Amino acid sequence: MRFTFRWPRAASRWLTLGVALFAPLATTGCYDRQELEQQAFVSVLGIDKAPGGLIDCTFRIAQPVNPTGASSRSGAQPLAGKEPITVRARSIPEAMMIANGSVERSITFSHLSLIVFGEDLAKEGVEPYIEALTRYREFRRTVPVSVSKGKASESMKAFQPMLDSAITRIADGVALVSQRTGTAPVCPIQYLIDGMENPHEDAMAPIFAVNQNVEKGEMPDTPGLSYRAGEVRREGGNPVDWMGAAIFREDRMVDEVTGKDCLYLRLLQGGVHHATLTLQDPEDPSRDIGLELHKERPAEYQVKLSNPMIITAHVPVDADVINISSTRNYADPAARQKLESELDQQVSERMERLLKRLLVDDQADVIPVSKAIRSQFMTYQQFAAFPWEERLKTAKIQVDVQIHVRRFGVQLEPIQKRPEPSSSSLRRP
């Protein structure tokens with residue numbers, strides 16, 4: 001005999017009603033979503049020091065537009081830029097809240113591509129603002145950071161890109177160019193955090209500055225060249241320069257290096273893959289020799305923990321000669337060897353002065369050289385407790401650069417001038 005259990009009719013009805021009521025609650029949904037048309041995407045964030053312990057937060061907002069719509073022109077980018085706005089507040093989250101009182105959309109940082117600190121704020125310390133940037137979920141630690149000479153708001157307002165119209169692509173383009181040329185570093189937020197958390201390590205960030213000569217539309221009459229942001233001798237183009245680096249010790253900016261010094265510093269770090277360097281011709285110091293640098297082996301450091309410490313850097317450089325202003329033929333093996341020796345001395349002296357300035361005077365290790373001494377300690381605690389910054393004040397620094405000239409471009413020998421005709425050859429027969 002088979003027994004079959006059947007739900008009572010009343011219980012079946014209540015079960016069906018319960019499933020109908022509670023099933024929607026168990027499924028996912030987008031009841032709290034925000035449409036693109038309801039959000040204001042901040043692409044660049046500037047932070048400046050303000051009176052009374054406050055800060056000025058400058059937002060450059062990108063407005064989403066439909067690239068296939070009737071109002072979009074051919075070749076338009078999907079994000080169009082708006083004029084930046086500045087809000088005074090006690091913190092970045094408070095500035096967001098205040099900005100929403102004048103911006104008709106919700107401020108969001110999910111598409112943030114660049115953070116600019118004002119020079120005064122960077123010299124005072126950026127730790128309070130890094131805390132806000134790292135805790136808020138919309139901030140990514142890969143967002144690049146830079147320092148503006150003067151106020152960040154001034155650089156952001158003066159910035160006029162020459163090629164890209166999409167604001168979110170400008171920061172990526174600047175970072176890519178800086179990575180290739182070596183005249184400015186690339187500094188994500190995480191690098192600043194590492195400089196504050198890791199013992200004996202520091203960071204450096206690129207410098208932005210408004211070039212007054214470009215804004216005036218005239219070339220300066222002062223002689224000489226400049227690799228310093230805001231002082232580059234040029235006319236036309238973007239009024240803002242990005243060149244050189246701000247040197248941080250922990251969370252404070254303590255020094256500034258030029259674009260050429262930054263290139264040497266990148267060579268010491270081993271981060272240059274392809275760059276151009278101009279040096280003096282050993283045969284004629286008034287003329288130049290241009291080198292195209294290629295990545296060879298990273299620089300090696302040897303540190304002797306004596307008193308004083310002795311730091312030795314070995315820097316191999318692989319280069320192609322792309323410019324010889326003089327008529328000297330360096331393709332000859334003996335002449336090439338002499339050329340490499342003279343160029344080694346020039347670069348070694350420049351790097352020694354740079355390292356003494358950063359390590360001895362500033363006690364800022366942005367390379368960092370301290371990685372070379374980790375193996376000399378049994379534990380990480382012993383390494384962290386070592387008075388590295390104090391011992392740097394009396395350190396002796398030596399740099400050994402080895403430039404290997406591989407090629408002389410597409411022409412091996414210099415242009416040969418034709419001989420001057422003699423007086424006898426000018427006489428008529």
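Can you tell me which residues in segment 34-81 are among the hydroxyl-bearing types (Ser, Thr, Tyr), at pLDDT 60 or above and in a loop (DSSP other than H, G, I, E, B)? Before you say what the answer is, go through the steps one by one.
Start the filter on segment 34-81 by keeping residues that are among the hydroxyl-bearing types (Ser, Thr, Tyr), which leaves 43, 58, 68, 71-72, 74.
Still in the list and also at pLDDT 60 or above: 43, 58.
Within segment 34-81, no residue meets the criteria.
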Residue, nearest to Asp361 (Cα to Cα), within segment 374-390, restricted to residues that are part of a helix (DSSP H, G or I) and open to solvent by less than 60 Å² (accessible area, probe 1.4 Å): Trp388
Taking segment 127-155 and keeping only residues that are of a type in the set (A, V, I, L, M) and farther than 19 Å from Gly52 by Cβ, one is left with Ile130, Leu133, Val143, Val145, Val147
Ala95 in contact with a Leu (Cβ under 6 Å, 6 or more places away or on another chain), under 27 Å from Val126 (Cβ atoms), modelled with pLDDT of 65 or more and open to solvent by less than 90 Å² (accessible area, probe 1.4 Å): no
Pairs, first farther than 18 Å from Ala40 by Cα in segment 161-176, second open to solvent by 60 Å² or more (accessible area, probe 1.4 Å) and at pLDDT below 80, C-beta under 8 Å, six or more apart: Gly173/Leu163
Among all residue pairs at least 6 apart or on different chains, which show Cβ distances below 6 Å where the first residue, located in segment 189-209, is without any contact (Cβ under 8 Å) to a residue 12 or more places away in the chain and basic (Lys, Arg) and the second is open to solvent by 10 Å² or more (accessible area, probe 1.4 Å) and part of a helix (DSSP H, G or I)? none
Per-region count, segment 128-167, residues part of a loop (DSSP other than H, G, I, E, B), in contact with a helix residue (DSSP H, G or I) (Cβ under 7 Å, 6 or more places away or on another chain) and surrounded by 14 or more Cβ atoms within 10 Å (Cβ to Cβ): 6
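With respect to Ala313, determine if the residue is open to solvent by 10 Å² or more (accessible area, probe 1.4 Å) and either among the aromatic types (Phe, Trp, Tyr) or under 27 Å from Ala205 (Cβ atoms) (or both). So that I can check it myself, show each step before the final result.
On the way: open to solvent by 10 Å² or more (accessible area, probe 1.4 Å): no; either among the aromatic types (Phe, Trp, Tyr) or under 27 Å from Ala205 (Cβ atoms) (or both): yes.
Here the answer is no, as Ala313 does not meet what is asked.
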Take the residues of segment 112-127 that are open to solvent by less than 20 Å² (accessible area, probe 1.4 Å) and assigned to a helix (DSSP H, G or I): which is farthest from Asp172 (Cα to Cα)? Leu121
Quick check on this structure: which one of Ala319, Ala335 is in contact (Cβ under 8 Å) with a residue 12 or more places away in the chain and out of contact with any Ser or Thr (no Cβ under 9 Å at 6 or more places or on another chain)? Ala319
Where in segment 206-309 are there strands (runs of 3 or more DSSP E), lying wholly inside it, with at least 3 residues that are farther than 30 Å from Asn329 by Cα and not polar (S, T, N, Q)? 240-249, 252-257, 300-304
Which of the numbered conditions does Asn211 fail, given that it passes all the others? Conditions: (1) of a type outside the set (Asp, Glu); (2) more than 23 Å from Pro84 (Cβ to Cβ); (3) buried (at least 19 other Cβ atoms within 10 Å of the Cβ). (2)
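Return yes when Arg353 is of a type in the set (D, E, K, R), open to solvent by 30 Å² or more (accessible area, probe 1.4 Å) and without any contact (Cβ under 8 Å) to a residue 12 or more places away in the chain and no when it is not.
In short, yes.
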What pairs come up if the first residue lies in segment 41-59 and is free of Cβ contacts under 8 Å to residues at least 40 places away in the same chain and hydrophobic (A, V, I, L, M, F, W, C), the second is part of a strand (DSSP E or B) and open to solvent by 50 Å² or more (accessible area, probe 1.4 Å), and their beta carbons are under 6 Å apart, counting only those six or more places apart or on different chains? Ala50/Arg88; Leu54/Arg88
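Here's a check for you: in segment 168-191, which residue that is touching a helix residue (DSSP H, G or I) at 6+ places or on another chain (Cβ under 8 Å) and either part of a helix (DSSP H, G or I) or modelled with pLDDT under 80 (or both) is surrounded by the fewest Cβ atoms within 10 Å (Cβ to Cβ)?
Of the residues in segment 168-191, the ones touching a helix residue (DSSP H, G or I) at 6+ places or on another chain (Cβ under 8 Å) are 181-186, 189.
Now restrict to residues that are either part of a helix (DSSP H, G or I) or modelled with pLDDT under 80 (or both): 181, 189.
Numbers: Thr181: 17, Ile189: 20.
Per the criteria, the residue is Thr181.
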Look at segment 257-283 and say how many of its residues are without any contact (Cβ under 8 Å) to a residue 60 or more places away in the chain and farther than 14 Å from Gln346 by Cα. 2
Applying the selection to segment 277-303, what residues are open to solvent by less than 80 Å² (accessible area, probe 1.4 Å) and hydroxyl-bearing (Ser, Thr, Tyr)? Thr278, Tyr301
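The values are calculated or read from the model by the stated rules, or taken from the named source; none is laboratory data. Keep in mind it's a predicted model, so treat the numbers as computed, not measured. Virtual Cβ from ideal backbone geometry, glycine too; neighbours counted across all protein chains shown. Side chains are part of the model used for accessible areas, which takes the heavy atoms of the whole protein and leaves out ligands, DNA and RNA. Shrake-Rupley method; radii C 1.70, N 1.55, O 1.52, S 1.80 Å.
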